[in-house]
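Accompanying notes for the structure given below.
The values are calculated or read from the model by the stated rules, or taken from the named source; none is laboratory data. Here the structure is a predicted model, which is why all the values come from computation and not from measurement. Here the Cβ is made from the backbone with ideal geometry for all residues, glycine too, and neighbour counts use every protein chain on show.
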Amino acid sequence: MKAVRIPKDRVAVLIGTDGITKAYIEERLGVKLQIDSEGEVMVLEEEQYDPLAGLKAIDVVKAIGRGFSPQHAYRLFDDSEYLEIIDMKDYVGGKVDHLNRQRARLIGTEGKTRRIIEDLAGVNMSVYGSTVGLIGQVEAVEVARKAIDMLLRGSEHATVYRFLERSRGKLRILEMGFEP
């Protein structure tokens, strides 16, 4: 039995309309989710074939709790997909104004920066509260994490976009199964 806490406003998303999201996670991973109204989620492992099912369930619940849609969080069912959570407070402290400014830099005008990071790195990205979540393959998440790190440390957007463009070729080579 493992427990994870998610924000109260994300509990409804985790459960889904008529409980469909919760049921799908339980069926797919062979676990039981007990969710209370305060956001406490208990993952009970039933007998299953996948010894990592409990850990995958925790990651899917965390991803939904960090602002991802269930469809994006379902990528974590695949063993090659990975969840990374970056806390912006580690970069700017807890001041609300600083967090808002950094959140705006990461999302960009009409979501442009977020979309570019997602497209060029091949990840899904969610900016929620004081965190940035990434879902993707390990190499892609590393590239996206570096781009986010650059933005949070004050690099210009153009510099970050160039870094992503250069990294894109390396990621494509890795996708084909070759080592650069």
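Looking only at the range 161-180, residues that are within 16 Å of Gly122 (Cβ to Cβ) and at pLDDT 80 or above come to 7 in all.
Every residue, every condition in (1) more than 17 Å from Leu29 (Cα to Cα); (2) buried (at least 20 other Cβ atoms within 10 Å of the Cβ); (3) modelled with pLDDT under 95, yes or no:
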position: Val60; (1), (2), (3): no, yes, no
position: Gly65; (1), (2), (3): yes, yes, no
position: Ser69; (1), (2), (3): yes, no, no
position: Ala73; (1), (2), (3): no, yes, no
position: Leu76; (1), (2), (3): no, yes, no
position: Asp79; (1), (2), (3): no, no, yes
position: Glu84; (1), (2), (3): yes, no, no
position: Asp87; (1), (2), (3): yes, no, no
position: Gly93; (1), (2), (3): yes, no, yes
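Do you know which residues across the range 44-53 are loosely packed, with under 15 Cβ neighbours inside 10 Å and touching a residue at least 12 places away in the same chain (Cβ under 8 Å)?
As a first pass, look at the range 44-53 and keep what is loosely packed, with under 15 Cβ neighbours inside 10 Å: 44, 46-49, 51-52.
Of everything in the range 44-53, those that are loosely packed, with under 15 Cβ neighbours inside 10 Å and touching a residue at least 12 places away in the same chain (Cβ under 8 Å) turn out to be Leu44, Glu46, Glu47, Gln48, Tyr49, Leu52.
As for the range 87-95, it holds no residue that is among the β-branched types (Val, Ile, Thr), within 18 Å of Gly129 (Cα to Cα) and not assigned by TED's automatic domain parsing to the domain that holds Ala140. Does the range 118-129 hold any residues that are under 19 Å from Leu99 (Cα atoms) and either in the same structural domain as Arg10 (by TED's automatic domain parsing) or surrounded by 18 or more Cβ atoms within 10 Å (Cβ to Cβ) (or both), and which are they? If the condition is that a residue be under 19 Å from Leu99 (Cα atoms) and either in the same structural domain as Arg10 (by TED's automatic domain parsing) or surrounded by 18 or more Cβ atoms within 10 Å (Cβ to Cβ) (or both), then Met125, Ser126, Val127 are the ones that fit.
Quick check on Ile148: is it touching a residue at least 60 places away in the same chain (Cβ under 8 Å) and either in contact with a helix residue (DSSP H, G or I) (Cβ under 8 Å, 6 or more places away or on another chain) or over 16 Å from Arg66 (Cβ atoms) (or both)? Lay out the reasoning, then the answer.
Values: touching a residue at least 60 places away in the same chain (Cβ under 8 Å): yes; either in contact with a helix residue (DSSP H, G or I) (Cβ under 8 Å, 6 or more places away or on another chain) or over 16 Å from Arg66 (Cβ atoms) (or both): yes.
Criteria met by Ile148.
Here Val41, Val123 are screened, and the one residue that is in contact with a helix residue (DSSP H, G or I) (Cβ under 9 Å, 6 or more places away or on another chain), under 20 Å from Ala3 (Cα atoms) and free of Cβ contacts under 8 Å to residues at least 40 places away in the same chain is Val41.
Does the range 1-21 hold any residues that are among the charged types (D, E, K, R) and over 20 Å from Pro51 (Cα atoms), and which are they? Give the steps one after another, and end with the answer.
In the first step, residues of the range 1-21 are kept if they are among the charged types (D, E, K, R); the result is 2, 5, 8-10, 18.
Listed by number, the residues that qualify are Arg5, Lys8, Asp9, Arg10, Asp18.
Right, Gln34: assigned to a helix (DSSP H, G or I) and either under 20 Å from the mean Cα position of the chain (by Cα) or outside the structural domain of Glu139 (by TED's automatic domain parsing) (or both) or not? Considered against the rule, which asks whether it is assigned to a helix (DSSP H, G or I) and either under 20 Å from the mean Cα position of the chain (by Cα) or outside the structural domain of Glu139 (by TED's automatic domain parsing) (or both), Gln34 comes out as no. Taking first residues from the range 54-70 that are in a helix (DSSP H, G or I) and partners that are surrounded by 19 or more Cβ atoms within 10 Å (Cβ to Cβ) and of a type in the set (S, T, N, Q), the Cβ contacts under 7 Å between residues at least 6 apart in sequence or on separate chains come to Pro70/Thr21.
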